[in-house]
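**Q** Could you have a look at this structure, given as structure tokens, before my questions?
The values are calculated or read from the model by the stated rules, or taken from the named source; none is laboratory data. Just so it is clear, the model here is predicted, and its values are computed rather than measured. Here the Cβ positions follow ideal geometry from the backbone for every residue, glycine too, while neighbour counts run over all protein chains shown.
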Amino acid sequence: SAVISQKPSRDICQRGTSLTIQCQVDSQVTMMFWYRQQPGQSLTLIATANQGSEATYESGFVIDKFPISRPNLTFSTLTVSNMSPEDSSIYLCSVFDGAARAFFGQGTRLTVV
Amino acid sequence: AQSVTQLDSQVPVFEEAPVELRCNYSSSVSVYLFWYVQYPNQGLQLLLKYLSGSTLVKGINGFEAEFNKSQTSFHLRKPSVHISDTAEYFCAVSLISSGSARQLTFGSGTQLTVLP
């Protein structure tokens, strides 16, 4: 199994500012995944973060808006840049263990005003 | 690319009645299949998964799902629901690469509401 500590758990931010979300895993993992869950919606993959290389972004998401860092095998950050109200969502990080079970952080509930 | 379709956005059911939440997927390659539950204001919790082997998989809280390759379905069932089962349920698939799961693609979710 894997335990993920994600912070902050929630934040209210002014439009035009940036927020950095942190995820710490209790074991080493090759890939970490960042998802967005907009209000009343399902989860959408933003990007895959690999240690030692640039993140791989899904269609509709760009590095300038969602820069990701992956300095080691247990930690990653996602920054939501130049925020607008449309960025109000829950952001989650996720990892797989060796038994193909995905574990999720508790999420960061972001409100942009 | 893979996709997941959950045919019912909302399923109301009376307590102690059986329930089936439907999930169909599309993929040109082999995938792993999952069901997750999200209780109000909580994170995602894995209910069950299908990787290989027996097509009937049992999960937590009395849920089970059956993988049907010919129909590309992975429907979730419970023979008798409780009020506490009220939650959002997500079906998801993962590509397999080098024997390992990759990123998840989620369905749109099904809100299960158990009525007294």
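**Q** Assuming A:TYR91 fulfils every condition listed in (1) touching a residue at least 40 places away in the same chain (Cβ under 8 Å); (2) more than 14 Å from every other protein chain (Cβ to nearest Cβ); (3) not charged (D, E, K, R) apart from one, which condition is it?
**A** Result: A:TYR91 fails condition (2) only.
**Q** A further question follows. Please work out which residue is modelled with the lowest pLDDT, limiting yourself to segment B:101-116 and to residues that are within 7 Å of chain A (Cβ to nearest Cβ) and over 20 Å from B:GLY59 (Cα atoms). Break it down stepwise before answering.
**A** Going through segment B:101-116, the residues within 7 Å of chain A (Cβ to nearest Cβ) turn out to be B:101, B:103-104, B:106-109.
Narrowing further to those that are over 20 Å from B:GLY59 (Cα atoms): B:103, B:108.
Working: B:GLN103: 81, B:SER108: 93.
The selected residue is B:GLN103.
**Q** Then there's this: Just for segment A:59-113: of the residues that are aliphatic (A, V, I, L, M) and within 18 Å of B:THR105 (Cβ to Cβ), which one is surrounded by the fewest Cβ atoms within 10 Å (Cβ to Cβ)? I'd like the intermediate steps shown before the answer.
**A** Here is the first cut: in segment A:59-113, the residues aliphatic (A, V, I, L, M) are A:62-63, A:68, A:73, A:78, A:80, A:83, A:90, A:92, A:95, A:99-100, A:102, A:110, A:112-113.
Within this subset, residues satisfying the condition of being within 18 Å of B:THR105 (Cβ to Cβ) are A:90, A:92, A:95, A:100, A:102.
Numbers: A:ILE90: 19, A:LEU92: 24, A:VAL95: 25, A:ALA100: 17, A:ALA102: 21.
Out of the qualifying residues, it is A:ALA100.
**Q** Would you point out the residue of segment A:6-46, among those that are small (Gly, Ala, Ser) and at pLDDT below 95, that is surrounded by the fewest Cβ atoms within 10 Å (Cβ to Cβ)?
**A** So the first thing to find is which residues in segment A:6-46 are small (Gly, Ala, Ser), and the list is A:9, A:16, A:18, A:27, A:40, A:42.
Filter once more, so that each one left must be at pLDDT below 95: A:9, A:27, A:40, A:42.
On the way: A:SER9: 11, A:SER27: 14, A:GLY40: 9, A:SER42: 20.
In this case the residue turns out to be A:GLY40.
**Q** Test of understanding: among A:ILE12, A:ILE68, A:ILE63, which residue is within 14 Å of chain B (Cβ to nearest Cβ) and aliphatic (A, V, I, L, M)? Please lay out each step first, then the result.
**A** On the way: A:ILE12 fails: within 14 Å of chain B (Cβ to nearest Cβ); A:ILE63 fails: within 14 Å of chain B (Cβ to nearest Cβ).
The unique qualifying residue is A:ILE68.
**Q** Would a scan of segment B:44-55 turn up a residue that is away from every other protein chain (no Cβ under 14 Å), farther than 24 Å from A:TYR35 by Cβ and over 10 Å from the mean Cα position of the chain (by Cα)?
**A** Taking segment B:44-55 and keeping what is away from every other protein chain (no Cβ under 14 Å), we get B:54-55.
Now restrict to residues that are farther than 24 Å from A:TYR35 by Cβ: B:54-55.
After this cut, where a residue has to be over 10 Å from the mean Cα position of the chain (by Cα) as well, the list is B:54-55.
Yes, that holds for at least one residue.
**Q** Regarding A:VAL80, is this residue closer than 22 Å to B:LYS49 by Cα, more than 10 Å from chain B (Cβ to nearest Cβ) and touching a residue at least 60 places away in the same chain (Cβ under 8 Å)?
**A** Numbers: closer than 22 Å to B:LYS49 by Cα: no; more than 10 Å from chain B (Cβ to nearest Cβ): yes; touching a residue at least 60 places away in the same chain (Cβ under 8 Å): yes.
In short, no.
**Q** Looking only at residues in segment B:61-100 that are within 14 Å of chain A (Cβ to nearest Cβ), in contact (Cβ under 8 Å) with a residue 60 or more places away in the chain and over 10 Å from the mean Cα position of the chain (by Cα), which one is nearest to B:ASP8 (Cα to Cα)?
**A** B:SER94
**Q** Another question, then. Is there a residue in segment A:22-41 that is closer than 18 Å to B:LEU95 by Cβ, more than 13 Å from the chain's Cα centre (by Cα) and β-branched (Val, Ile, Thr)? Talk me through it step by step, then tell me what you get.
**A** To start, the set of residues in segment A:22-41 that are closer than 18 Å to B:LEU95 by Cβ comprises A:29-35.
Subset that is more than 13 Å from the chain's Cα centre (by Cα): A:29-30.
Cutting the leftovers down to β-branched (Val, Ile, Thr) gives us A:29-30.
The answer is yes, given that some residue of segment A:22-41 is closer than 18 Å to B:LEU95 by Cβ, more than 13 Å from the chain's Cα centre (by Cα) and β-branched (Val, Ile, Thr).
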